[in-house]
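See below for the structure under consideration.
Derivation of every value follows stated rules applied to the coordinates shown; laboratory data play no part. This structure is a prediction, so every number in the text was calculated from the model and none was measured. Here the Cβ positions follow ideal geometry from the backbone for every residue, glycine too, while neighbour counts run over all protein chains shown.
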Amino acid sequence: MKNILDILNNQRDCFNSQKTKDINYRLTLLNALRAEILDNEQSVIQALKKDFKKSEFETYLSEFALVISSLNLAIKNLKKWAKPKRIKSSLLTFPSKDYIYTEPYGNVLVIAPWNYPFLLAMEPFIMAISAGNTVVLKPSELTQNTSKVITKIIQNVFPENIAISIEGGVEISTELLAQKWDYIFFTGSTKVGKIVAKAAAKNLTPVVLELGGKSPCIIDDSVNLKLVARRLVWGKLLNGGQTCISADYVIVKSNIKQDLINVLKNEIIRRYGEIPKESSDYPRIINETNTKRLETLIKNENIVFGGEIHKDDCYVSPTIIDEPNLDSKIMQEEIFGPILPILTYETDTDIEKIIWNLDHPLSLYVFSNNKKFVENTIKKFSFGGGVINDLLIHFGNHRLPFGGIGGSGMGKYHGKHGFDTFSNAKPIIKRGNWYDPSFRYPPYKGKMSLLKKVFKYFG
Ligand code: NAD
């Protein structure tokens, strides 16, 4: 393995040489990356199948297609995004031409998780490169097949002094975090996010933390339950429930709880059959440790559907839990698996007691046809982003910023927001020389009343 400090020093020299500031060079790299990824479509799909039996359809929909559309977007818009933007001058700067220049931060570290191992490594990578940074990417050690494909793709396109993928686990991550970076982009758990933030603070390095948490799904009694079940089962069981923005638990109006449980059971069977283990569309849990963790979560709970666990195959069947205690383990930690606790409410205060008892969630979902209830709910609670009457789809619009708040993270990306995240907005004023009023220069005597008037009318 190459020395991390040598790699970083080479990338720093390269950045200082101004090579990555050249937009045409960035475009050449992005086009080459797109060609290489398209050539590797089958390798990516097969790697994810090996890593946790993720189906071809889900890999294409939730990883491959999103990476290609991120690349297409960056290639199409890069010149526009990177161009200095003319901003209206102010009275204080007159005569001047005012601009915002976007400059890359410099040497960027991207640390990725395992749950969407291709997408969540490549999307920040693409935006960091688009913005003109050099990148060291560390993909997850838990999806080794996918990480190997990522390393190969990057190796085939980028000189090491511009971008490299370094595989490894906690040890490598720790070594990387010990270096001085200009920017760190981390996706993963809240627990590790705190470690990353601490390491970044040592050098005052700006950091984006894309973390997890317990995202609620609130359902009132004005809904079409069959439609709710269809969308909820899809959003909960995609990727085997191992999605940061999955609905972690449901809070349903108590009078329809039993009906909801019944339609959910039917819907799960309709989509994955009586034995989901035999469905080629049903993924596995990433490893035995996580399978055991899920087993512990449901141990003393009231299981009303599923609950089947085969540790040797990392299989956890779709499971519904009826009314767990708020201080139970399953209601305290992020589930990250195909297990859905159902809680009930009578009044808005009941919902507040549940949600305010936990960290700010990454997502919040409301199923309701009552506009007032929906508006009150989305304004009352703090969360990263949300959807009314569906799950997950806010991730799919690159025009919307994506990220968490509080315990679910800080900083946003996606599309142009991603380019902006990896760019320092540098205000520049080009001062005109044809007029230089003496008003701001001392002596100030006799100028005070004019100053006050100017600020009163124009300030
Ligand atoms: P994780 O925090 O265990 O690992 C993420 C990365 O950090 C990996 O590359 C890992 O090698 C590294 N890492 C692990 N322990 C470390 C340590 N002690 N010091 C330094 N680095 C360390 O997360 P995970 O299990 O890979 O992913 C699941 C978590 O990520 C869930 O909490 C999920 O909600 C969250 N997540 C968030 C988003 C988002 O966009 N907000 C997306 C996907 C996943």
Original post:
In region 272-294, which residues have a backbone nitrogen under 16 Å from the label point lying 7 Å from Q332's Cα in the Cα-to-Cβ direction?
Top reply: 293-294
Subject >> Cα centroid separation - region 31-59 against region 313-361, whole Å >> reply: 33 Å
Original post:
Any idea what diffusion coefficient the chain gets from Stokes-Einstein, in µm²/s, Kirkwood Rh on alpha carbon pairs, 25 °C, 0.890 mPa s?
Top reply: 101 µm²/s
Original post:
Once the dipole of region 216-403 is set up with Lys and Arg at +1 and Asp and Glu at -1 on Cβ about the Cα centre, which of G385, L400, V223 lies farthest towards its positive end?
Top reply: L400
Original post:
Which whole-Hz couplings ³J(HN,Hα) result when phi for each residue of region 415-422 is put into the Karplus expression 6.51 cos²θ - 1.76 cosθ + 1.60, θ = phi - 60°, listed in order with x for Gly and Pro?
Top reply: x, 4, 4, x, 4, 5, 4, 8
Original post:
For region 216-403, what proportion of DSSP beta bridges, expressed in % and rounded to the nearest 5, is antiparallel?
Top reply: 15 percent
Original post:
Measuring from label point to label point, each 7 Å out along Cα→Cβ, what is the K198 to N77 span in nm?
Top reply: 3.7 nm
Original post:
Which order results if E175, E334 are arranged by neighbouring Cβ count within 10 Å, fewest first?
Top reply: E175, E334
**OP:** With a cut-off of at most 14 other beta carbons within 10 Å, and DSSP calling the residue loop, which trypsin sites (Lys or Arg not before Pro) in region 264-346 qualify? Please list them.
**Re:** K299
**OP:** Enumerate the calculated ³J(HN,Hα) couplings along region 292-299 in order (Karplus 6.51 cos²θ - 1.76 cosθ + 1.60, θ = phi - 60°), each rounded to whole Hz, writing x wherever the residue is Gly or Pro.
**Re:** 5, 4, 5, 4, 5, 4, 9, 3
Subject >> Entries of K148/K412; K253/K372; K54/K152; K194/K253; K353/K412; K21/K88 with Cα pairs more than 24 Å apart >> reply: K148/K412; K194/K253; K353/K412; K21/K88
Original post:
Once fully extended, how much extra length lies between K353 and N370, figured as 0.36 nm per residue of separation less the alpha-carbon to alpha-carbon distance?
Top reply: 4.0 nm
Original post:
So how far, in whole Å, is the C-alpha centre of region 378-403 from the one of region 119-149?
Top reply: 24 Å
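If R₀ is 41 angstrom, what is the calculated FRET efficiency for the pair I378 and K447, using the beta carbon separation as r and rounding to 0.05?
0.25
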Subject >> Highest to lowest packing among 114-120, 137-143, 349-355, 152-158, scored as the average C-beta count within 10 Å >> reply: 114-120, 137-143, 152-158, 349-355
**OP:** Between K148 and E36, with labels modelled 7 Å along Cα→Cβ, what's the label distance in nm to one decimal, could you check?
**Re:** 1.8 nm
**OP:** May I ask you to derive the FRET efficiency for W234 and S90 from their Cβ-Cβ distance with R0 = 45 Å, giving the value to the nearest 0.05?
**Re:** 0.35
Subject >> Theoretical ellipticity at 222 nm over the chain - DSSP helices of four or more residues, -39500 (n - 2.57) apiece, nearest 500 >> reply: -12500 deg cm²/dmol
**OP:** Could you list the trypsin sites (Lys or Arg not before Pro) in region 55-129 that lie in coil according to DSSP, counting only those with at most 11 other Cβ atoms within 10 Å of their Cβ?
**Re:** K88
**OP:** Would you mind working out the magnitude of the charge dipole of the chain relative to its Cα centre, with +1 at each Lys and Arg C-beta and -1 at each Asp and Glu C-beta, to the nearest 20 Debye?
**Re:** 2960 debye
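Would you mind ranking D436, D248 so that the residue whose beta carbon has the fewest other beta carbons within 10 Å leads the list?
Details: D436 11, D248 29.
Taking fewest neighbouring Cβ atoms as first place, the list is D436, D248.
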Subject >> Under 19 Å from the A178 label point (7 Å along Cα→beta-carbon), backbone N, region 85-129 >> reply: 109-111
